Structure formats: structure tokens, C-alpha cells
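Before any comments, here is the structure.
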Amino acid sequence: MEPRQITLQIDHHFVTVPEGTTILDAAQKIGIDIPTLCHIDLKGTCIRNTPASCRICVVEVEGRKNLAPACATKCSDGMVVRTSTLRVMNARKVVAELILSDHPNECLTCPKAGSCDLQSLALRFNIREMPFNGGELSPRKREYTASIVRNMDKCIFCRRCESVCNEVQTVGALGAIRRGFNTTIAPAFDKMMSESECTYCGQCVAVCPVGALTERDHTNRLVEDLADPEKTVIVQTAPAVRAAIGEEFGLPAGTLATGKMVAALRELGFDYVFDTDFAADLTIMEEGAEMLDRLTRYLGGDKEVRLPILTSCCPAWVNFFEHQFPDMLDIPSTARSPQQMFGSIAKTWWAEKTGIPREKLVVVSIMPCLAKKYECDRDEFKTGGNPDVDYSITTRELARLIKRANISFTLLPDMEFDMPLGASTGAGVIFGATGGVMEAALRTVYELYTGKPLGNVNFQAVRGMAGVRRASVDLDGFELKVGIAHGLGNARHLLEDIRHGRNEYHAIEIMACPGGCIGGGGQPLHHGHSEVLYARANALYKEDAGKTLRKSHENPYIKMLYQEFLGKPMSEKAEQLLHTHYFNKSC
Amino acid sequence: MSEIKLPCDIIGKVNAICSEHGDDPKELINILHEAQHLMGYLPEEMQRLIAGRLGIPASKVYGVVTFYAFFTMTAKGKYPISVCMGTACYVRGSEKLLEEFKRVLGINVGETTPDGKFSLDCLRCVGACGLAPVVMIGDKVYGRLQPVDARHIIESLE
Ligand code: SF4
Ligand code: SF4
Ligand code: SF4
Ligand code: FES
Ligand code: FES
């Protein structure tokens, strides 16, 4: 049944909305932007935190004595709302001042400055002095993990991180502990995040309105490496970065900035600008071969083989199953993530070709992701202590670096990636959106399995934003059933089903971040606007559609890599350089 | 991960408590309440066990345990000392008395001496206001105390 429509008045404008709409959403509909702080609702995803605890969003409702929080008050027929009376403005200002009274005065050096919601409110409410003195700030925990920096002095207790980590990701690594002035957000038993079940997905960082949760920054280290004449510094860029970096320079969400990004990286002084998409194509070769191998053995009646095969390109997802499903470590594909495949090939094949010794070669990755920082640090991806990928910086860090280097991003010409590690097909590009890895795999698996050319390469059924999607593909009479999940909570449901013997799939793609990597924890902040995610995904599909080559196995440089170096997918050399194994990390 | 391992019979009892409450996360507070009676406190292992049974993150359980003053994660001493902080006792100087206990024992409220002998806590009115200020040690009530009495009492128990 359609909900009843009701009409109300906000600041002298009439607006009609379905019953159940909040004042906040009704106001937004007519362009009235009521300030919020604790509230976040990323429409179309499951990211939501609605505690109505901060009272920044208060409004006046005619006939009601006290002010009402707009984020939690439902509209009613004939309601008259005022969002900007003197009383409202003063109340909001006092609330903000109270929050600031227990907040360190560190905007000058805060990593969140410039994109901090609390800072914007202080500016917007014209707060010019601190009337309340909260006295000593309680010294709370600080922690530097490989991916995330936690500075609890700056926490305003909106509990967005807790909602995301518990409700969306079902990891439960962060929660509020203690009470009153001693409240803080921490893992169980007030341990460090590095000792918890945290997957480093970074979704808590993506929603934290202040500087309490931020990324581990490697830009200073990168600046030094770039200035070192002894070192050859090369870079790989993940697919999702090109679809988002423009936002940091005022371009509309969904602007494809591939060419400008390459130009900016050249300006910054990288010796070679390569593309993770190349490694994404390589991933499809290896993962696809593994998928086919398991499938044919399974269909041939081999009882040893377990299906479904799960993708393994998302390191947060890898951390998740290592912690939560240690009994199922044999079902994910053993293929490394594209980031690590790239590092591995760059420091072997490419380094040999160019004659650069491993210790003089610095491989940097630009990622939409915080888990990739941790992944670089994993021991199994090092040779003699030297990591395959030296370190990873996020889309946000790259944007800061470009600004710091006085580069006018929007004025840059479009440039092309260097070869050979910059060559990619459309299949590699769509890795950045949920469903993309599966679609890319299907394009290759179809042709390899049936031996026939694939007519339509667009698998619409696997695209979109629904939390779990399923599709079946006709492989010459064999019906291949695939599933896609994004967000670790959705992944958990699928995994629980598999654990209990209820499985309908041959292969499943899983990404930790809602939307896939385009919604990664290292991307420009969405500030609660889900349209941004849709626009980024569309940009990637557009880039794919514009490519001449759209199937990973058609990438000429991938062919060359196999001919010259690896032999064939899953050869001994490929196993050694491009595959990995998993560990039981349950607490 | 802490090294302490729960004794088997305690594990059995904790599991039984959870079962009685239908392994229902909504019953968490009641479960913790009963579980605390088993050893007088809620060690980390026990909280992890309960979290596992109820299918909720350990951080949730820990959040509840640290939110309510009633729950404790430290083993009580052989002589659990509770100083009354009710109004009558407070007016008659229980705060000074508490300070003296802290000083003599070298521990804070909520802590236990390293030898496991004494632990220190605060209480609300125990209904013996006529004897204010009042201290309870186990089931025994000590009344009309002066700060100097703290040392005497402790020595008498040693
Ligand atoms: S990074 Fe992900 S798993 Fe870790 S605390 Fe944040 S939301 Fe939870
Ligand atoms: S850490 Fe950030 S997201 Fe979490 S409660 Fe504090 S301010 Fe909110
Ligand atoms: S979905 Fe992508 S951005 Fe998010 S954690 Fe996984 S790999 Fe990183
Ligand atoms: S935004 Fe409405 S109460 Fe916080
Ligand atoms: S106030 Fe201490 S016993 Fe009543």
C-alpha cells in the first residue's frame, strides 16, 4: 500500500511528503539544509546511525513547547515548522559550544581539518569564542594501526562508527565503553584495535564526522621517496580512484578523471605511472582459471572440491573470514588482491626487464581503501623483508599531496598510463564497483569454458546496489550460479548459509565496503550522500564501455607476461608469485 | 588475550545460565548478573564465553559491564571492604575515611591488593545510618569510624 501523503509547512514553504518522513528529509526535499551531526543515513545502503543524541538539528514546531530534533521527528499533516528562528539558532549554537568545551583546540594540526563536520558547524554557527570551559580533557586512548589512527580525545560520541561496525559490517570491533565523562569508543576490554577483530575496512573512518578516526598517512614518506635520486618510484592506481578523485577538486561526483590523475602523478615525480587495472586483468586470469579448475573437478565428481569459490581481492574481507570463519579458509580463491599481484610482478618481471634492483625500487599504490595499507604489511607479501608493495596511500591522501605540490588538477591535460603495467581492459576497470569482479570473471570464464566468443559482455544482473544479488549464466548448457554481496554483514549471511550446508552458488564475489571499492574507507568523504556512490559506479561502467578491449584475457600485455615469464595461469611460478594462503585469526 | 583460563565447572555453569535465558541477547544484563555470582566478578574469558553463546560481539558485553557500576572485572579480596557513601555517612566524614583506606591499602576504589587480601568499594546507604560513618567488610558492619580506625581494622584482619 502506498503511504498516505501529508502536507506541512517549513519556513513558509509547503511540502508534501509520504507519512513517516522526518522533518529533516522533508526540509531537504525543498532545499532547506538543517545542520546535523550524529545523524547519518546513506540512502539505498544499510549505513545508518539515528540516535538523535546531539540535538544540533533542533527546530521549532508550532504548538510544541520544547524544540524538536528534526532528524527524529516525523512530519504530521498541517505541521508548521521553523528551522531558523532566533531561539533555534541560539539553541544550536549552545549545543555546539558545549561539544567544543570538551574538545581539543587542535584544528591547525588535525588531519580532518577542512572536511570535519564539527569544524564546519563552528564556522556555520559563527562561534568566535569558547564560553564554556570544560576544564581538563580526559586523556583518552590514541592508537596508530597499520591502517587507522584512533584519537579518542576528538570523539564526540555520535556512535556512527559503532553502528557501522556492528550493524553494517557485523564485526563488532568498536563499541562505547564506560559511562559519563569516562565514556570512550574502544574494542572489547579496552584493547587496541590491532588486537581486535577489526578488518581495517575503514567504514568507521568513512563516517566519523570528526578527526577521531582517520587514515594512517604516508604522504610525508612518499614526498621523501620521490625526492630521492637513488630510488625509482613507481605507482599503481586502483580502479575506484579515477572515479572519485575529481570530487576533491570541485568536479561533480562521477567525473572520470583518469587522464588528469595520470598527469598529476607524473607532475608529482613518479618515474612510471602504472595501473592496478592491469593487475585486475591478471587476477581474472588466475581466479578465473582456479574457478574453472574447481568447477570441472566438481562436475567430474571430485569429492575433494568445495564450492562455492569466493573472490579474494578485498583485503578487509580476507581479514574478516580469517577472524570469523576460520573453519572455511579453504573456500576463498587463493588469488592475491590486484594490489599485491601488481607489486609482485613489478618487483620481479618488470624489475628484471628494466634492470632495477629490488631495494632501489619503491612501489606505491593509490587505493580507495584502508585495508590495503595493512595488506602491504603482511609478511607473506615480502621477500627478504622487502615488501612487494612498499606502501599504499588513499585517494584522500593523493588529493592532499596534489594540492601541496601546487598542481592545478582541473587544468591538467589528459595523459596515458605507461606500458606495460598500465595496460588494461574494461574488465579491469569495473573491479572498483560491487559486482565488477564477478562480471569481469564471467566474461573470461564464459569464453574459456565454452570456447565460443561472448556476444554481449554486459551482465546487467550482477550490477546495482542491492546488498545481495544473484544471477545465473548459461555456459553452453551448464547453468553457472553466481552471487554478489557487498558490506560484511551481507557477506556473513551468505557464509553462515554455506557453513550450514545451504548453498546455491558456484561462485560468490564479496567486497567489504558498501558499493564496493568506490565506497571504500579511503575515498573522498560522502558526507552521507549516497548519490555520490551511484555516480562513481556509473563512471566506471562508462569507462568500461568506452574501451576497445573488455575481456581480461584479451589484454596484449597480460598475454606477453604469460609468454615471457609466467607460462600459464596457475603454473608453479604463478602460484608462487600470485597466490597466497590464509591464517586462522579467531580471537 | 589474557592467560587466565576459566575452570571447567564455571564454564558449564555459565553455559547453563545462558541456556536458562534462552541464549537471548536481550537477557544480557540478567545473565551477567547471575554469572557474576559464580566468581564474584566477570573475568574477560567469561565475557567472551557469554558473547559467543549469545552471538554478539565481545565489545557489546564489555560495554555493558563497564557501563553499570554493579558489574566488576576484578576479583574481590578475601576481605571486601565497602565504605558507605550514603548521605548520613557522607556528612559524617566517610570521604576522609575512604581516603584513609585508599592510602593504607595503596589501592583505588574498585581495585584489589596484589596479595588478593583486600578490595575496596563504595556503597549507597546500607540502612545503618545511626552508626554513620559505616564500613562493611564481608557481612560485618563497622560503625562510628574515624580515619585512624582504618589502619587498626586492617591490621586486625591481617
Ligand atoms: S575498520 Fe571496519 S572492522 Fe575495523 S573498526 Fe572500523 S568499521 Fe569496524
Ligand atoms: S569515533 Fe567518530 S564516529 Fe565514532 S563515536 Fe567518536 S566521533 Fe562518532
Ligand atoms: S571493498 Fe575495496 S575499498 Fe573496501 S576494503 Fe575491500 S578492497 Fe578496500
Ligand atoms: S543530528 Fe539530530 S540529534 Fe544529532
Ligand atoms: S548513609 Fe551510610 S548507612 Fe545510611
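The values are calculated or read from the model by the stated rules, or taken from the named source; none is laboratory data. Keep in mind the model is a prediction, meaning the values are calculated, not measured. In this analysis, Cβ positions are derived from the backbone assuming ideal geometry, glycine residues included, and neighbour counts consider all displayed protein chains. Keep in mind that these areas ignore ligands, DNA and RNA; they rest on the heavy atoms of the full protein, side chains included. Shrake-Rupley method; radii C 1.70, N 1.55, O 1.52, S 1.80 Å.
Tabulated data for the structure shown
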quantity: Residues satisfying the stated conditions in the stretch A:266-285, i.e. surrounded by 24 or more Cβ atoms within 10 Å (Cβ to Cβ) and of a type outside the set (Val, Ile, Thr); calculated: A:Phe274, A:Asp275, A:Asp277, A:Phe278, A:Ala279, A:Ala280, A:Asp281, A:Leu282, A:Met285
quantity: Residues (away from ligand 4 (no atom under 16 Å from the Cβ) and charged (D, E, K, R)) located in the stretch A:139-183; calculated: A:Arg140, A:Lys141, A:Arg142, A:Glu143, A:Arg150, A:Asp153, A:Lys154, A:Glu167, A:Arg178, A:Arg179
quantity: Residues being more than 9 Å from chain B (Cβ to nearest Cβ) and more than 17 Å from the chain's Cα centre (by Cα) - total across the stretch A:192-213; calculated: 6
quantity: Selection status of A:Val94, open to solvent by less than 10 Å² (accessible area, probe 1.4 Å) and more than 16 Å from ligand 3 (Cβ to nearest atom); calculated: no
quantity: Hits in the stretch A:473-485 - residues which are open to solvent by 10 Å² or more (accessible area, probe 1.4 Å) and touching a residue at least 24 places away in the same chain (Cβ under 8 Å); calculated: A:Val473, A:Asp476, A:Phe478, A:Lys481
quantity: Spans of helices (runs of 4 or more DSSP H) in the stretch A:265-384 with at least 3 residues under 25 Å from the mean Cα position of the chain (by Cα) and of a type outside the set (A, V, I, L, M); calculated: A:276-299, A:315-324, A:338-345, A:371-376
quantity: The stretch A:161-188 - residue that is at the interface with chain B (Cβ under 7 Å from one of its Cβ atoms) and part of a loop (DSSP other than H, G, I, E, B) and, of those, farthest from B:Leu49 (Cα to Cα); calculated: A:Arg179
quantity: The stretch A:66-91: number of residues that are of a type outside the set (Asp, Glu), open to solvent by 20 Å² or more (accessible area, probe 1.4 Å) and either within 16 Å of ligand 3 (Cβ to nearest atom) or on the phi < 0 side of the Ramachandran plot (or both); calculated: 15
quantity: B:Glu3 vs. criteria under 20 Å from B:Gly110 (Cα atoms), open to solvent by 20 Å² or more (accessible area, probe 1.4 Å), outside the structural domain of B:Gly116 (by TED's automatic domain parsing) and modelled with pLDDT under 95; calculated: no
quantity: Count of the stretch B:26-67 residues which are over 16 Å from the mean Cα position of the chain (by Cα), more than 14 Å from chain A (Cβ to nearest Cβ) and either open to solvent by less than 30 Å² (accessible area, probe 1.4 Å) or closer than 14 Å to A:Lys191 by Cα (or both); calculated: 1
quantity: Qualifying residue in the stretch A:536-546 (condition: within 21 Å of A:Arg463 (Cα to Cα), open to solvent by less than 60 Å² (accessible area, probe 1.4 Å), acidic (Asp, Glu) and out of contact with any strand residue (DSSP E or B) (no Cβ under 8 Å at 6 or more places or on another chain)); calculated: yes
quantity: Test result for A:Cys165, outside the structural domain of A:His486 (by TED's automatic domain parsing), out of contact with any Phe, Trp or Tyr (no Cβ under 8 Å at 6 or more places or on another chain), within 16 Å of ligand 3 (Cβ to nearest atom) and closer than 26 Å to A:Gly202 by Cα; calculated: yes
quantity: Residues that are at pLDDT below 90, over 17 Å from B:Thr72 (Cα atoms) and of a type in the set (Asp, Glu), drawn from the stretch B:116-158; calculated: B:Asp139, B:Glu158
quantity: Residue list for the stretch A:205-227, restricted to those being assigned to a helix (DSSP H, G or I), in contact with a helix residue (DSSP H, G or I) (Cβ under 7 Å, 6 or more places away or on another chain) and either of a type in the set (Gly, Ala, Ser) or free of Cβ contacts under 8 Å to residues at least 60 places away in the same chain (or both); calculated: A:Leu226
quantity: Residue match in the stretch A:125-141 (condition: in contact with a Phe, Trp or Tyr (Cβ under 7 Å, 6 or more places away or on another chain) and either over 21 Å from A:Lys373 (Cβ atoms) or within 14 Å of chain B (Cβ to nearest Cβ) (or both)); calculated: yes
quantity: Qualifying position, being more than 27 Å from A:Gly515 (Cα to Cα), part of a loop (DSSP other than H, G, I, E, B), modelled with pLDDT of 95 or more and out of contact with any Asp or Glu (no Cβ under 8 Å at 6 or more places or on another chain), among A:Ile56, A:Ile32; calculated: A:Ile56
quantity: Some residue of the stretch A:39-56 being in contact with a Cys (Cβ under 9 Å, 6 or more places away or on another chain), of a type in the set (Asp, Glu) and within 15 Å of ligand 2 (Cβ to nearest atom); calculated: yes
quantity: Of the criteria (1) within 16 Å of ligand 2 (Cβ to nearest atom); (2) surrounded by 19 or more Cβ atoms within 10 Å (Cβ to Cβ); (3) in contact (Cβ under 8 Å) with a residue 12 or more places away in the chain, which one A:Asn166 fails; calculated: (3)
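For every residue, the table says whether it meets (1) farther than 19 Å from A:Glu572 by Cβ; (2) open to solvent by less than 10 Å² (accessible area, probe 1.4 Å).
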| position | (1), (2) |
| --- | --- |
| A:Gly288 | no, yes |
| A:Met291 | yes, no |
| A:Thr296 | yes, no |
| A:Leu299 | yes, no |
| A:Ala335 | no, yes |
| A:Gln339 | yes, yes |
